[in-house]
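Report on the structure given below.
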Amino acid sequence: MVKKIMTGNVAAAWGARLSRAEVIAAYPITPQTSIVEKLAQFVSNGDLKAEYIHVESEHSAMAACIAASQTGARAFTATSSQGLVLMHELLHWASGARAPIVMVNVNRALAPPWNVWVEHTDMMSQRDTGWIQFYAESNQEVLDTLIMSYKLCEDKEIQLPAMIGLDAFYLSHTSEIVDIPDQDQVDRFLPDYESAYPLDTENPLSIGSLSMPNQWYSEFRYKIYEAMERVLPKLNQIEEDFYKEFGRKYTGPLELYNTEDAEIILIISGAASGTIKETVDTFRKKGIKVGLIRLRIFRPFPSEALGKALSNASFVGVIDRSFSFGHEGAIFTELKASLYGRKSVPMIKNFIVGIGGRDITTDTITEIYENCFNCLNNKKVDVSVEWIDIKV
Amino acid sequence: MKKLEKLMSIGDLPEVAVSNVPTLNQKTGTWRVYRPEVDKGKCIKCSICWRCCPEISIDIDKEGFPIIKYDYCKGCGICAYECPTTAIKMNREGK
Amino acid sequence: MIEIRFHGRGGQGAVVASNILADAAFREGKYVQAFPYFGVERRGAPVTSFARIDKNPIKIKSQVYHPNFIIVLDPTLMNIADITSGLNKNGIVLINSDKDPNYYNLSFKTATIDATSIAIENKLGSKMAPIVNTSMLGAFAKISGEVTLESIILAINESVPLKKEENVKAAKEAYEKAMIL
């Protein structure tokens, strides 16, 4: 175990290295490139024994990862924004083929106009691809989640891929203190991957051939549904094991910050939660009861945990750093749906913030909490969706 | 339509992210670390450099020699790499 | 928490400087954060980077708007940008300059160090483009009192790939020579 100063991208590369990724296929894209550059360096120095495949696009990168995974290799790739959406077709393929690939996606806005800064629309629009989705707050969490993800994804009861989102620049290019675990600790925690159905020339089999409506397609999809249902309890177990081995505690799909007695709770995913915590501390010093829920996992959506965490709140502000045009922010939609039918439901409002990397400051967050208080005092949500910090 | 630099409010914004500021204004020559220089003695006027330049920063003069437009050339070195007679050399800026 | 903003030109090492400073403070048991301005930097163009140092874990993830210290790696930037923008009223500006701090006549406490000469004497970068970041950090250790020269030297040895000795020597010389108003 050694503590070092490193960027989120370098932490991601260390996560893949310590997990002993065996096949890495990737295509460069800002602001992800330094992840695969670092991995290429690890491979060329002999620090990581892996096959590094240069490909001509992200679509090919994912194709290579799927094939590698199906031979029983631990596969890794990293991408961002345009690269992720170009992969879209093969994201469905990866989960359908039950390939436990782990991918890091540096969350970045989509063009046009060109923008390389943070936004979550790239990953939110992969919601239905059958991938587990994590969003990180710190560089340490990026590294740790990567190691835990392999254990989770490769579990025989799961066998699904996962993507880990880290905010462009706020994590990818920001240096923080990161605790790099020892390789033998990681080896103890994460054994070699053994595919249940490896492609092997000695014992030939094919994966993914035609399945007619009256055959088994529905049933294969049903099995993915079941596997996703097992993810959160399985993750709980893995996080406990992780704590025992490495001494760092993660709290499942949600991180709760001063929520127990909070009148107003904000919900967010990604690194801006750090800035919200700072703002919560300021309010709390004045005796004002506000709290924060950080959504660490968007798929599977933690409906139960959220319902429980919000059961005492009067007002919930959902911050989305993404937007589904024609409706609302994705987290807002999903949260409202999962609260339906519960006995006591808080008032709820959607705030669209930090689009295209616009800085989310403590001032922004203070304004949002005050906006929530106003709605609460008036006993009325003025507009259900409000875009914050738009120049007029 | 107003010039992009003069946009003051969301009301001035066109619906589409168009720009009517000519790209000629965007002089990217300051990005350059290495500077392509042409040796006319070795140049055979084949125009391969002109065809390969990704930034359209090479013109051909009346005699058929390349002229590098240093206001725009980013110093990528593709012209020097492709030149069949090594008539283009990349020299460090400021030396 | 103290916040530091670096101004330089692409190639002078402003981003590396913020990392070395964070590393040095980390060696003294502090919590740190360092990041470049989230722009599209390139050589020669003005570049900004930031560092935060605190005795408690740093939660905030937004950019720095009210720094306690401003470190200017290139004196020509003093004429271009509003360099002291947002500086805390008790803050300090440290400028790479062969002039006396009085010369700049700023409404903030000002310090200068001729980091360009120190870098050239120690053969850091070229005469045309000296790499002044390690000299500036030596001077910062002196004028700020926020981090020791010893920690800066340890961090330089960790982060600088080439000319470690020359960089360390430059930092030491700058520590000795820094002038504060």
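General observations
- Set A:286/A:336; B:27/C:123; C:123/C:177; A:38/C:163 screened for pairs whose C-alpha atoms are more than 26 Å apart: A:286/A:336; B:27/C:123
- Rounded to the nearest 10 Å², the accessible area of residue A:223 at probe 1.4 Å: 110 Å²
- 1.4 Å probe, heavy atoms, protein only - residues of the range A:1-24 losing at least 50 Å² accessible area vs chain alone: A:5
- Beta bridges assigned by DSSP with both partners in the protein assembly as shown are antiparallel in approximately 40 percent of cases.
- Heavy-atom SASA rank of C:128, A:124 (probe 1.4 Å, accessible area, largest first): C:128, A:124
- Within the assembled protein chains, the solvent-accessible surface assigned to residue A:65 is about 0 Å², based on a 1.4 Å probe.
- Bridging of residue A:343 to lysines at a Cα separation below 18 Å is possible for A:308, once same-chain residues fewer than 8 apart are set aside.
- Exposure ranking of A:294, A:221 by accessible area [1.4 Å probe, largest first]: A:221, A:294
- Semi-axis lengths, largest first, of the ellipsoid equivalent to the protein assembly as shown are 43, 34, 27 Å, with √(5λ) applied to each eigenvalue of the Cα gyration tensor.
- Estimated inter-spin distance, residue B:46 and residue B:17, nm [label 7 Å along Cα→Cβ]: 4.0 nm
- Whole-number accessible area per residue in Å² for the range B:36-95, which is evaluated in the context of all protein chains at 1.4 Å: 63 Å²
- With contacts taken as Cα pairs under 8 Å at a separation of at least 6 residues, chain A carries a relative contact order of 16 percent.
- Separation of the range A:4-21 and the range A:294-368, taken as the distance between their Cα centroids, equals 30 angstrom.
- P(r) histogram, all alpha-carbon pairs of the range A:340-379 included - 5 Å bins from 0, percent: 6, 18, 22, 19, 16, 10, 6, 2
- The range A:2-246 - percent of accessible surface contributed by carbon and sulfur, probe 1.4 Å: 52 percent
- Sorting C:74, A:192 on solvent-accessible area from highest to lowest, probe radius 1.4 Å, gives A:192, C:74.
- With 31 Å as the limit on Cα-Cα distance, the pairs of B:89/C:99; A:3/A:151; A:285/C:142 that go past it are B:89/C:99; A:285/C:142.
- A cut-off under 15 angstrom between Cβ atoms defines the neighbours of residue A:58, and their net charge, with Lys, Arg +1 and Asp, Glu -1, is -2.
- Within straight-line reach of residue C:55, meaning a Cα separation under 17 Å, sit the following aspartates and glutamates at least 8 residues removed in sequence or on another chain: A:176, A:278, A:281, C:3, C:23, C:28, C:146.
- Whole-number D in µm² s⁻¹ for the range A:177-269, Kirkwood Cα-pair radius fed into Stokes-Einstein, 10 °C, 1.306 mPa s: 88 µm²/s
- Relative contact order of chain C, defined on C-alpha pairs under 8 angstrom at six or more residues apart (%): 22 percent
- Rounded to two decimals, the Cα radius of gyration of the range C:2-180 over 2.2 N^0.38 Å is 0.93.
- Spacing of the two label points (7 Å from each Cα toward its C-beta) at residue A:51 and residue A:363, in nm: 5.4 nm
- Charged neighbours of residue B:40, selected by a Cβ distance under 14 Å, balance to 0 (K, R count +1; D, E count -1).
- Efficiency of FRET between residue A:385 and residue B:55 - r from beta-carbon atoms, R0 56 angstrom, step 0.05: 0.85
- Accessible area in square angstrom per residue, chain C, 1.4 angstrom probe: 44 Å²
- Computed with a 1.4 angstrom probe on protein heavy atoms, the C-B interface buries about 400 square angstrom of accessible area in total.
- Probe 1.4 Å, accessible area per residue of chain A, Å²: 42 Å²
- Probe 1.4 Å - accessible area at residue A:387, Å² to nearest ten: 100 Å²
- Rough spin-label spacing in nm, given labels placed 7 Å along Cα→Cβ, for residue A:345 and residue C:55: 4.9 nm
- Carbon plus sulfur fraction of accessible area for chain C, probe 1.4 Å, in percent: 53 percent
- Convex hull volume of chain A per residue (C-alpha atoms, cubic angstrom): 153 Å³
- With a cut-off of 17 Å on the backbone N, the residues of the range A:339-379 near the modelled label site 7 Å out from residue C:1 along Cα-Cβ are A:359-367.
- Other residues whose C-beta falls under 9 angstrom from the C-beta of residue A:74 contribute a net charge of -2, scoring Lys and Arg +1 and Asp and Glu -1.
- Mean ellipticity per residue at 222 nm, deg cm²/dmol - from DSSP H runs of n ≥ 4 across the protein assembly as shown, formula -39500 (n - 2.57): -10500 deg cm²/dmol
- Free-standing Cys residues across chain B, given no other cysteine C-beta under 4.7 angstrom: B:43, B:46, B:52, B:53, B:73, B:76, B:83
- Our coupling estimate for the range A:55-65, obtained by passing each phi through the Karplus curve with A = 6.51, B = -1.76, C = 1.60 and θ = phi - 60°, is 10, 9, 6, 5, 4, 5, 4, 5, 4, 5, 5 Hz, Gly and Pro reported as x.
- FRET efficiency estimate (nearest 0.05) - Cβ-Cβ, residue A:308 to residue A:241, R0 35 angstrom: 0.90
- In straight-distance terms, cross-link reach from residue A:244 covers every one of the aspartates and glutamates whose alpha-carbon lies under 17 Å from its own, apart from those fewer than eight places away in the same chain; here that gives A:141, A:144, A:179, A:182, A:184, A:187.
- Heavy atoms of chains A and C lose about 1800 Å² of accessible surface on contact, summed over both sides with a 1.4 Å probe.
- Note, ³J(HN,Hα) from phi for the range A:115-125, Karplus 6.51, -1.76, 1.60, rounded to Hz, x at Gly and Pro: 7, 9, 9, 5, 6, 9, 4, 4, 7, 4, 7
- The simple Förster model, with R0 at 41 Å and r as the Cβ-Cβ distance, assigns residue A:249 and residue B:89 a FRET efficiency of 0.10.
- Take every Cα pair under 8 Å whose residues are at least 6 apart in sequence, average their separation, divide by the length of the range A:133-272, and the relative contact order is 36 percent.
- Largest GNM mean-square fluctuation across A:381, A:36, A:116, computed for chain A with C-alpha springs under 10 Å, falls on A:381.
- Minimum 40 Å² accessible area buried by the other protein chains, the range A:276-306 residues, probe 1.4 Å, relative to alone: A:278
The values are calculated or read from the model by the stated rules, or taken from the named source; none is laboratory data. All values derive from a computational prediction rather than experimental measurement. Glycine also receives a Cβ, built like all others from the backbone with ideal geometry; neighbour counts cover every protein chain displayed. These area figures cover heavy atoms from the full protein model, side chains too; ligands, DNA and RNA do not enter into them. Shrake-Rupley method; radii C 1.70, N 1.55, O 1.52, S 1.80 Å.
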